[in-house]
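Q: Quick one: the structure is below, and I'll ask about it shortly.
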Amino acid sequence: MRMSWEDVVLIEEGKTSGDPTVVTVNCPDKAGLGCDLLRIVLEFGLYVTRGDFSTDGKWCYIVLWVVPCPISLRVDWENLNKRLLSCCPSFLPTFYFNQLTNGSKPPSLYLLTVLSLDRKGLLHDVTEVLCERDLSIQRVKVTTTPDGKVLDLFFIADAMDQLHTKIRCEETCKHLRVMLGECCISCELQLAGPEYDTQQGHSCISEEVAEELFSSVIVGKDDQSNEASITVDNQLSPTHTLLQIKCLDQKGLIYDALKIFKDCDIRVLHGRFYVSVNGYRNLDLFIQKEDGKGIADKHAQAALCSRLKEEMLHPLRVIITNRGPDTELLVANRVELSGKGRPRVFYDITLALKKLRICVFSAEIGRHSASNHEWEVYRFLLDETGGLLATSNTAKRDIVYEVSRTLMGW
């Protein structure tokens, strides 16, 4: 009997405030499905308190207990349901998924141009409106003019691919104008031309800065960020390898782990993500190679564990450096082999800077190749007129610390 699409993704909200929402996905399996689903969960600002994952290679069953992070975050559960459903392999009538996702074609790129008067927190406020409307920022170019105005160029994509409709476009601009209030001078949204392809925009970074950025270590929580353990066991199953992982909990931890498996063509047959205890998270994962066997080779085991530790402990790199006489904040994260960068990074950086009351003179997002990986690089030229940055090197370290904590969810 054919399964109804209403049963593919079920979302049961908590009965009282603070209770986790239970998200259940029951659908045909595909390579990297767990990573793709967790990425969407992270895009919506949700934290996975615990989870269970099981598949026979053809059909999968996933249950996630999630809470908004922060709790006050407004979540569009209906839209989340649609996004998760669009990620599941189609076993339903083709026309339904074509309506929902426009097939497998990636969303079109749009150019949002906002001209406004400058004020503290402006960049984050615009970013927050875009995130609330499920619009992802692919690239950005922010420039402050000498007369105190700010020109924001956001290259955005609509996950539901509806920005071509008049109502979606007008509502987005309307929300931005309301948020900006009297500061708003103009707000325009249009389809970006082919010259603005998302693969362009490579960031030019000096060799000295690149060496520091891509080998830097995230500021840890209570100086314990280097603590992590992975136990490999091939005795429980002749066809599976069990990985038992314990490390410091953080935002997007499960996504970071599943991203490695997806990029390495390793299947997770069974998985359990336990509730965080004293700031630490335990994960039990039964994995398998494409040939249907576990990972017996010691060198392959060591290489996989090394990649997992690096990605889980240091998924983002944060440094402050000097660009001539100015102070520049740089944040980098490795992108998936599919070309997708980590969700909500720009949102978290601008939120941290807003909390610190630091103005941004200019900002941009680009790509950079280093250490045999492609990185997404966020660059912020900080406004020092307030005097905060110029006071001491300690103040600059505090900025790195606060940005890192916000990105990691600590």
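Q: Just for the stretch 337-346: of the residues that are surrounded by 18 or more Cβ atoms within 10 Å (Cβ to Cβ) and of a type outside the set (Lys, Arg), which one is farthest from residue 252 (Cα to Cα)?
A: 346
Q: Does residue 363 satisfy the condition of being in contact with a helix residue (DSSP H, G or I) (Cβ under 6 Å, 6 or more places away or on another chain), in contact (Cβ under 8 Å) with a residue 40 or more places away in the chain and under 22 Å from residue 204 (Cα atoms)?
A: So residue 363 does not fit the description; no.
Q: Now for a different question. Residue check, residue 181 against (1) outside any strand (DSSP E or B); (2) modelled with pLDDT under 90; (3) loosely packed, with under 15 Cβ neighbours inside 10 Å; (4) not assigned by TED's automatic domain parsing to the domain that holds residue 361, all met but one. Which one?
A: Result: residue 181 fails condition (2) only.
Q: Taking the condition of being outside any strand (DSSP E or B), under 27 Å from residue 292 (Cβ atoms) and small (Gly, Ala, Ser), how many residues in the stretch 45-65 meet it?
A: 1
Q: Within the stretch 235-284, how many residues are among the aromatic types (Phe, Trp, Tyr) and surrounded by 17 or more Cβ atoms within 10 Å (Cβ to Cβ)? Before you say what the answer is, go through the steps one by one.
A: Within the stretch 235-284, the subset among the aromatic types (Phe, Trp, Tyr) is 255, 261, 273-274, 280.
With surrounded by 17 or more Cβ atoms within 10 Å (Cβ to Cβ) added as a condition, the list becomes 255, 261, 273.
Total meeting the criteria: 3.
Q: Among the polar types (S, T, N, Q), at pLDDT 85 or above, touching a Leu at 6+ places or on another chain (Cβ under 9 Å) and more than 23 Å from residue 341 (Cβ to Cβ), is that true of residue 136?
A: For residue 136, the condition - among the polar types (S, T, N, Q), at pLDDT 85 or above, touching a Leu at 6+ places or on another chain (Cβ under 9 Å) and more than 23 Å from residue 341 (Cβ to Cβ) - is not met.
Q: Also, I was wondering about something else. So for the stretch 153-168 (the condition being part of a strand (DSSP E or B), within 11 Å of residue 115 (Cα to Cα) and touching a residue at least 40 places away in the same chain (Cβ under 8 Å)), does at least one residue qualify? Show your work before the answer.
A: Kept after step one, since they are part of a strand (DSSP E or B), are these residues of the stretch 153-168: 153-158.
Add one more test, that the residue is within 11 Å of residue 115 (Cα to Cα), and what stays is 153.
Now restrict to residues that are touching a residue at least 40 places away in the same chain (Cβ under 8 Å): 153.
Yes; the residues of the stretch 153-168 include at least one that is part of a strand (DSSP E or B), within 11 Å of residue 115 (Cα to Cα) and touching a residue at least 40 places away in the same chain (Cβ under 8 Å).
Q: Within the stretch 214-231, does at least one residue satisfy the condition of being of a type outside the set (Ser, Thr, Tyr) and at pLDDT 90 or above?
A: Yes, the stretch 214-231 has at least one match.
Q: Moving on to the next point. Any residue in the stretch 271-292 that is not assigned by TED's automatic domain parsing to the domain that holds residue 60 sitting within a Cβ distance under 6 Å of a residue that is in a strand (DSSP E or B) and among the aromatic types (Phe, Trp, Tyr)? List the pairs, counting only those 6 or more apart or interchain.
A: Filtered contacts from the stretch 271-292: 271/53; 283/273.
Q: I've got another one for you. Within the stretch 31-47, how many residues are in contact with a strand residue (DSSP E or B) (Cβ under 6 Å, 6 or more places away or on another chain) and either among the acidic types (Asp, Glu) or without any contact (Cβ under 8 Å) to a residue 40 or more places away in the chain (or both)?
A: The total comes to 1.
Q: So residue 316 clears everything in (1) modelled with pLDDT of 90 or more; (2) surrounded by fewer than 19 Cβ atoms within 10 Å (Cβ to Cβ) except one condition, right? Which one?
A: Of everything listed in (1) modelled with pLDDT of 90 or more; (2) surrounded by fewer than 19 Cβ atoms within 10 Å (Cβ to Cβ), residue 316 misses just condition (2).
Q: Oh, and also: Looking only at residues that are at pLDDT 90 or above and charged (D, E, K, R) in the stretch 114-131, which one is nearest to the chain's Cα centre (by Cα)?
A: 128
Q: Moving to a separate point now. Scanning for something crowded, with 20+ Cβ neighbours inside 10 Å and either over 29 Å from residue 337 (Cβ atoms) or modelled with pLDDT of 90 or more (or both), does the stretch 93-103 turn up at least one residue?
A: no
Q: Answer yes or no: is there a residue in the stretch 66-85 that is part of a strand (DSSP E or B), hydrophobic (A, V, I, L, M, F, W, C) and assigned by TED's automatic domain parsing to the domain that holds residue 32.
A: Checked against the condition, which is being part of a strand (DSSP E or B), hydrophobic (A, V, I, L, M, F, W, C) and assigned by TED's automatic domain parsing to the domain that holds residue 32, the stretch 66-85 yields at least one hit.
Q: Might you let me know whether the stretch 346-355 holds any residue that is part of a loop (DSSP other than H, G, I, E, B) and either at positive phi or outside the structural domain of residue 138 (by TED's automatic domain parsing) (or both)?
A: No - not one qualifying residue is present in the stretch 346-355.
Q: State whether one or more residues within the stretch 368-382 are in a loop (DSSP other than H, G, I, E, B), under 27 Å from residue 117 (Cβ atoms) and modelled with pLDDT under 95.
A: No, every residue in the stretch 368-382 fails to be in a loop (DSSP other than H, G, I, E, B), under 27 Å from residue 117 (Cβ atoms) and modelled with pLDDT under 95.
Q: Moving on to the next point. Looking at the structure I just gave you, is residue 136 hydroxyl-bearing (Ser, Thr, Tyr), closer than 27 Å to residue 85 by Cβ and more than 18 Å from the chain's Cα centre (by Cα)?
A: Answer is no for this residue.
Q: With (1) in contact (Cβ under 8 Å) with a residue 60 or more places away in the chain; (2) surrounded by 14 or more Cβ atoms within 10 Å (Cβ to Cβ) as the list, and residue 57 as the residue in question, which single condition is left unmet?
A: Residue 57 satisfies every listed condition except (2).
Q: Oh, and also: In the list 308, 337, 330, which residue meets the criterion of being under 16 Å from residue 228 (Cβ atoms), in contact (Cβ under 8 Å) with a residue 24 or more places away in the chain and among the hydrophobic types (A, V, I, L, M, F, W, C)?
A: That would be 308, the only listed residue that is under 16 Å from residue 228 (Cβ atoms), in contact (Cβ under 8 Å) with a residue 24 or more places away in the chain and among the hydrophobic types (A, V, I, L, M, F, W, C).
The values are calculated or read from the model by the stated rules, or taken from the named source; none is laboratory data. This is a predicted model, so every value here is computed, not measured. Cβ atoms come from the backbone with ideal geometry, glycine included; neighbour counts cover every protein chain shown.
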